[in-house]
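Read the structure below first, then the notes.
All of the numbers you see were taken from the coordinates with simple rules; none came from a lab. This is a predicted model, so every value here is computed, not measured. Positions of Cβ are generated from backbone atoms using ideal geometry, with glycine treated the same way; all protein chains shown enter the neighbour counts.
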Amino acid sequence: MELCPLIKNILLLDSEGKRIAVKYYSDDWPTNSAKEAFEKAVFTKTQKTNARTEAEITMFDNYIVVYKFVQDLHFFVTGGENENEIILATVLQGFFDAVGLLLRGNEDKKEALENLDLILLCLDEIVDGGVILETDANVIAGKVDSHSMDSGAPLSEQTITQALATAREHLARSLLQ
Amino acid sequence: MAQPLVKKDDDRDEEVEYSPFFGIEKGAVLQEARVFNDPQLDPQRCSQVITKLLYLLNQGEAFTKVEATEVFFSVTKLFQSKDLGLRRMVYVMIKELSPSADEVIMVTSSLMKDMTSKTDMYRANAIRVLCRITDGTLLTQIERYLKQAIVDKNPVVSSAALVSGIHLLQTNPEIVKRWSNEVQEAVQSRAALVQFHALALLHQIRQNDRLAVNKLVSSLTRGSVRSPLAQCLLIRYTSQVIRESANNTQTGDRPFYDFLEGCLRHKAEMVIFEAARAITELNGVTSRELTPAITVLQLFLSSSKPVLRFAAVRTLNKVAMTHPTAVTNCNIDMESLISDQNRSIATLAITTLLKTGNESSVDRLMKQITNFMSDIADEFKIVVVEAIRSLCLKFPLKHRSLMNFLSNILREEGGFEYKKAIVDSIVILIRDIPEAKETGLLHLCEFIEDCEFTYLSTQILHFLGIEGPKTSDPSKYIRYIYNRVHLENATVRAGAVSTLAKFGAMVDGLKPRIFVLLRRCLFDTDDEVRDRATLYLNTLGGDGAVVETGADVKEFLFGSLDIPLVNLENSLKNYEPSEKPFDINFVLKEVKTQPLAEKKAPGKKPTGLGAPPPGPPSTVDAYEKLLSSIPEFANFGKLFKSSAPVELTEAETEYAVNVVKHIFDSHVVFQYNCTNTIPEQLLENVTVLVDASEAEEFAEVASKPLRSLPYDSPGQTFVAFEKPEGVPSVGKFSNMLRFIVKEVDPSTGEAEDDGVEDEYQLEDLEVVAADYILKVGVSNFRNAWESMGSDFERVDEYGLGPRDSLAEAVNAVIDLLGMQPCEGTEVVSPNSRSHTCLLSGVYIGNVKVLVRLQFGLDGPKDVAMKLAVRSEDETVSDAIHEIVASG
């Protein structure tokens, strides 16, 4: 058994199963077509389920997939068959909530694509080469947002400053724990 | 034509609104990337272009080598900008491009500057990027910074260095191992994730040092690990330590169990679950140890979170396989999960209930399952079918309702794998529950009336041919079988003809009717169908007279082909058309030992309809050819068996020698495979001097030296012995390699003229009883065992003394006898106290031997064994016992 919990991939798909942002940390899917086939399989398996209030879970092809949907965004985290399901769910929740914070509550495909840079940075902050980096959504969002702060003026100055303040506060608090 | 085009444009307008990336095109974006080279950088614009590039990569667009290099170089220019956000995107981009070694040099200095920056974010990210793209040489330069970073007061920086260490340990272990002190300090960090990463790295550094891991675990289990993730790691390490120390503790409490149990009261769910799972997976876990773990899992079953319910039911499902009674307490919670929205959870709940249920609850369960089957996917259905099969074997009295259920679902829609699982289950039930036979066969008959899978039809027909004639009223199956001849494709028709013939052979009363049917088949459009009909009419005496079927005809119809198909295929390929007809008796019967990879796969699945797995291609043919090409050995007759190579030298010595033992009826040939591993030497006239003084029945008759043995090209030398005919003589041989060694000039590769005689001591070689037994499998051990009869059965009991495990004892006996384990019985399920192993083989002189071994644990470690042998010759049965008694 693999001793360190490992994430095989994190997927963010739209309501038709198309990619918004995906990140693979394992060689199980060596080619783009293998990846697409996996995404299609995951999507068709889960699309009819209601994963909007609580994260759902399924198992197929010896992988465990946890997932959660909001509007037209479908979030997935995949791990090996012996992985602790609750750890995977924690990573999913971290990703899900961090994206929610970064999109300021407007979680839909349009907003996600318009802020794709933030989502990619978010993925980069959650997992590094399969090893979990951070699971606390506030910390993740704080790390991502602190970077975009200096670049350009956001449209809604007021709200983002507020969001940042809360994120910072959370970050500070979690560091003091 | 114009109409759809307009429509497409409409779609486009909508999409443009929808996605900022609509109509994105690689060439254009690469053009845009030129802004990276502007003297006055616009950070926002550059960020946008990088996002576009990343979007393309993320969508699976591939960059050519040239494109990637170009992008990489222009991206490196962006280090000039002081913009934080842009820098962040640059880091991600570099990682995505995974630059080649000479490209890495271009960014190294920039990244190293960032690594020592005052900005925490720069340090953390630069470390991750640099470690991702670097190779070993650069690592020594930055090692100092990495060690500092591990103990950095900013947790993000520290984590970045530690996680990078985890990755680097795979490629540069010797460097990362030097960071042990810093990592140890980081384990004490107050930041949760740092602690987790440090613990993971520290364990990986020490994983091969059992004592150090032990120490690590015992110190940390006493202290307080703060992070839940780190606690999960610690639980995993602890169970590993428990697993490895399990052999040493004789009695008393399991070490660290208290720690695991304590974790069940942790506040984080992931820790509670990890601990519960660890407890259920303990080797030889007792029900007292299990109880607290089951209790917390039971609480999870009624959680509102699907993930918790799934995790709990999946774990309980596994526990139910070994400790069904421990799980029965959860049955009420489990039953409510049958209607769970999440079908994975529902399936797991059903199969768990099927494992733990008692006889009285079967009917109620079946009712619930029937409602549930229609709305789950095939793969879940297969799981349910398998669970029902084992339930039926457990409660044979319930076969009626269970068999009914199987036949009902057999009629419903479903894919091949699903149907096959059902058919396999019915077949197994027919075999093991005699009362279920007739109804089961009729269900199968009905199924083939409307079966779209040729494979299943032919398998069922074959099975009907064997079981059908033995039933009380065989004639009722004939209609179903003959219908196949009318309605199906050629493969199924041919199968049906064979099945008809079997009924004809076994049931004299049916013969005239069968002959009529077979004669009709003579006009079939397919060659194979006609051929079979003709063949069977002739063998059964279809010229009208009803005679009793002869024993050899029965053997022909029902006997299993005791030759591996691969061997037959090879022999047929080698057969050259000539006056001499092909003789099947000359086909080798030995099943070559399976390659290691295959052996590892747990082969404990009931085979159902499937025949025994075909043996992999053998090297036996190659040996036979080689030996018959040597005139000295040509008159030894047919090769009985060739052993696997036995190493006679240690690895990495000057000369590598292994030996293959070839057994003939009255001769033994040793084939020494020699390899010269010294480039500066050429060996000539290589022979092996064999001292057979400890092998009295053997006399050396011939030897074949190897003329020359150059560096690194293996060669063979042979020695042949005569031994009493057909007798399994054993003995020990000591070997000495003798040769003339000549120096070789490494520059020219030419050998000197003069050589020196030299000798090299090899290890001893033994001819053992197992060398005289061929591994030959049988497809159905029980049938073979019963048809062999108990005339020459010999049964005795043996004490095998203390053994590490039951599995070890089983393997030792299998190796000793050198016979083929049947039906996957070589696999011993962990924790079991008894095991039955079935072996089959052919003894020298072509005598079939079947062995049934029953092992039991007697006291804590002592293994007792009951050995029952059946064979066609009583001396052989005795000989097997002798082998075991003297082994």
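The mean count of C-beta atoms from other chains within 10 Å of the C-beta of residues in A:137-145, rounded to a whole number, is 1. Packing-based ranking of B:84-96, B:505-517, A:10-22 yields B:84-96, A:10-22, B:505-517, ordered from highest to lowest mean Cβ neighbour count within 10 Å. For B:Asp712 and B:Lys732, the difference between the fully extended length at 0.36 nm per residue and the C-alpha to C-alpha distance is 4.3 nm.
Between B:Asp42 and any residue 5 or more places off or on another chain, the built amide H atoms are never under 5 Å apart. Under the criterion of Cα pairs below 8 Å and six or more residues apart, the relative contact order for segment B:299-356 equals 36 percent.
Here the label points at B:Glu359 and B:Asn538, each 7 Å from Cα along the C-beta direction, are separated by 5.5 nm in the simple model. Placing a label point 7 Å from the Cα of B:His486 along the Cα-to-Cβ direction, the residues of segment B:516-538 whose backbone N falls under 20 Å from that point are B:516-526, B:529-530, B:533.
Summing Lys and Arg as +1 and Asp and Glu as -1 over all other residues whose Cβ lies under 13 Å from the Cβ of B:Arg431 gives a net charge of -2. Across peptide A:116-126, the mean count of Cβ atoms from other chains lying within 10 Å of each residue's own Cβ comes to 5. Using only alpha carbons, the protein assembly as shown has a radius of gyration to Kirkwood radius ratio (Rg to Rh) of 1.02. Other protein chain C-beta atoms within 10 Å of residue C-beta, averaged over B:85-91: 6.
Each of the peptides B:454-467, B:65-78 was scored by the mean count of other Cβ atoms within 10 Å over its residues; in descending order, highest first, they stand as B:454-467, B:65-78. Here the calculated FRET efficiency for A:Ser33 and B:Lys861, from their Cβ-Cβ distance with R0 = 51 Å, stands at 0.40, rounded to the nearest 0.05.
For the pair B:Leu397 and A:Asp61, a Förster radius of 30 Å applied to the C-beta separation gives a FRET efficiency near 0.20, rounded to the nearest 0.05.
Extending 7 Å from Cα along the Cβ direction at B:Ser100 and again at B:Ser117 yields two label points whose distance is 2.9 nm. The C-alpha atoms of chain B define a longest principal axis, and helix B:806-817 lies at about 50 degrees to it. Based on Cα contacts under 8 Å between residues 6+ apart, chain B shows a relative contact order of 4 percent.
What residues from segment B:307-335 fall in the zone where the backbone N is under 20 Å from a label point 7 Å along the Cα-to-C-beta line of B:Lys267? Under cut-off, by backbone N: nothing.
Can you return the lysines within cross-link range of B:Lys118? Criterion is Cα-Cα under 19 Å, with same-chain partners fewer than 8 residues away left out. Straight-distance partners of B:Lys118: A:Lys143, B:Lys82, B:Lys147, B:Lys153.
For segment B:321-432, the share of alpha carbon pairs falling in successive 5 Å distance bins from zero is 2, 12, 25, 25, 21, 11, 3, 0 percent.
Express the relative contact order of segment B:828-887 as a whole percentage, based on alpha carbon pairs under 8 Å and six or more residues apart in sequence. Relative contact order comes out at 25 percent.
Cα centroid distance between segment B:78-131 and segment B:308-364, in Å? Cα centroid of segment B:78-131 versus Cα centroid of segment B:308-364: 52 Å apart.
Computing FRET efficiency as 1/(1 + (r/R0)^6) for B:Lys638 and B:Asn404, where r is the C-beta to C-beta distance and R0 is 56 Å, gives about 0.55.
Residue-wise HN-Hα couplings along segment B:682-694, as the Karplus relation 6.51 cos²θ - 1.76 cosθ + 1.60 with θ = phi - 60° gives them from phi, are 10, 9, 10, 6, 7, 9, 10, 8, 10, 9, 9, 5, 9 Hz; Gly and Pro carry x. Positive end of the dipole of segment A:27-98 (Cβ unit charges, origin at the Cα centre): among A:Ile87, A:Val42, A:Val70, the Cα lying farthest that way belongs to A:Val70. Ellipticity at 222 nm from helices only: DSSP H runs of n ≥ 4 in chain B, each -39500 (n - 2.57), divided by the residue count, give -16500 deg cm²/dmol. Taking θ as phi - 60° and the Karplus parameters 6.51, -1.76 and 1.60, the scalar couplings of segment B:870-884 work out to 10, 8, 8, 8, 5, 5, 5, 4, 5, 4, 4, 4, 5, 4, 5 Hz in sequence order, x denoting glycine and proline. If one computes the Cα centroid of segment B:399-462 and of segment B:685-743, what distance in Å separates the two points? What the calculation gives is 58 Å, centre to centre. Close amide H partners of B:Val701, meaning residues 5 or more places away or on another chain with modelled amide H under 5 Å apart, are B:Ala720, B:Phe721, B:Glu722.
Converting phi to 3J(HN,Hα) with the Karplus coefficients 6.51, -1.76 and 1.60 and the offset θ = phi - 60°, segment B:661-670 yields 8, 9, 9, 10, 4, 10, 9, 10, 10, 9 Hz in sequence order, with x at every glycine or proline. Give, as ranges by residue number, the residues of segment B:677-718 whose backbone N falls under 15 Å from the point 7 Å along Cα→Cβ of B:Glu752. The answer is B:680-684, whose backbone nitrogens lie closer than 15 Å to the label point.
Length gained on full extension, B:Glu185 to B:Lys580: 134.1 nm, using 0.36 nm per residue less the C-alpha separation.
A cut-off of 5 Å between modelled amide H atoms, ignoring neighbours fewer than 5 places along the same chain, links A:Ala51 with A:Phe69. Given their separation in residues at 0.36 nm each and the Cα-Cα distance between them, B:Ile376 and B:Phe416 gain 12.8 nm when the chain is fully extended. A simple spin-label model places pseudo-atoms 7 Å from Cα toward Cβ; at B:Glu700 and B:Glu143 they are separated by 5.6 nm.
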